[in-house]
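Here is the structure we will look at, set down as structure tokens.
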């Protein structure tokens, strides 16, 4: 007797539905029972918690501290960001690569030594040349707090190195815990010291804690759980690994510095050349907009990077990238348009009348934020397609465009310096988008189709923003 084909078997619909449900349930159980997926979920949750807390506490902080205080913090954060990104000589990103834990732990020790060395060198420079430093950045009010700079460099860079060790060990829950405690500690210090009138020290201390105070928790975990590997740490192995992974300090430092200077130096220029606490207004506006963008964009970038190599092999990377852009349009562009329209009236209402300028700047920065939101996740395609040279050229181009136009506006149009930075940033990310689209071979028709599919969302958010403005 011949067996029946599958399509010849007639089963009740209820039975089919229950079978599908059972299969899906088993797959979900198998997926979420994996420790890696659980840990990644915890990591994302910890990051979201930290970012949400820092945004939620802002309405209180803007009433405890002045825009001038925020301007000092903006300068401190920018200087810290430029130095700390290279303090470990980029050896931290090599920690997950070796096959043996003994080699990886020596890389960690080497990165921590470099971090401490750069911090000590920074401390010596701060101690010997405080007047020259504040004169260069034109922030004399920052001089009493320069001692926080080497400490912040050590915190931030050491935290990055220890974090890569935890990534190697897939101990994401510990990273999430430290991010949450850093956010809570930062918010508590800033609110507490601001409440008793210790400003701007409270704001600066909180920023330093948020950048890397979790090193103590991570270091304790390393010492407790890796005693065998730690015994293999020695100068000879560290020297050998430095030579073996020399391409990281040789090539990656310049790219990371270009990227950091590209982002941070214009803020220092704004604080030095603009009239009033423009850097403080800019810091509030960018923090409000970048927190949700970073969370969504980071998640999308991980998904894109996991699937892009396969799409490249199939020759469908362009269509896949256009699909991702369409999803980003649906998820974030509408809310960003809404925020840009309502910011001039919403910001002073939420944060106080003295922050009106921050709301106006958000409107100016809107096109930049939207373009950055669309291109950042798919910029992973430059690595997938082995276009690192194009990535480096783009960073140098961004450095010239953003720093150059901001500095020019600072000398010839003080009152428009932040607007110049916003316009130059939009132009940079537009060029970035065009380059990525060209490399991934995204078709204009696919982009137009993605925009057309979600135009109703844009119209909805625009109408909602207009209604909000009219009501207020």
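Report which label in (1) 96, 67, 44; (2) 100, 48, 39; (3) 68, 47, 44 holds the value of Cα extents along the principal axes in Å derived from the coordinates of this structure.
Correct label, based on the coordinates given: (1).
With an 8 Å Cα cut-off and a minimum separation of 6 or more residues, compute the relative contact order for the stretch 39-245 in percent.
On the way: 257 pairs, mean separation 68.3, N = 207.
Relative contact order for the stretch 39-245 comes out at 33 percent.
In percent, what relative contact order does the stretch 275-472 have, based on Cα pairs under 8 Å that are 6 or more apart in sequence?
33 percent
What is the gain in length, in nm to one decimal, between residue 460 and residue 116 on full extension, counting 0.36 nm per residue of separation less the C-alpha to C-alpha distance?
On the way: separation 344, 0.36 × 344 = 123.84 nm, distance 5.21 nm.
Residue separation times 0.36 nm, minus the Cα-Cα distance, leaves 118.6 nm.
At a Förster radius of 30 Å, what calculated FRET efficiency corresponds to the Cβ-Cβ distance of residue 316 and residue 294, to the nearest 0.05? Mind dumping the intermediate values first?
On the way: r = 28 Å, r/R0 = 0.93.
So, using R0 = 30 Å, E works out to roughly 0.60.
Please arrange 296, 268 by counting, for each residue, the other beta carbons lying within 10 Å of its beta carbon, fewest first. Mind dumping the intermediate values first?
Numbers: 296 16, 268 24.
With the sparsest Cβ surroundings first, the list reads 296, 268.
Coordinate-derived values only; no laboratory data. Since the model is a prediction, treat every value here as computed from it, not as a measurement. Please note: Cβ atoms are built from the backbone with ideal geometry, for glycine as well, and neighbour counts cover all protein chains shown.
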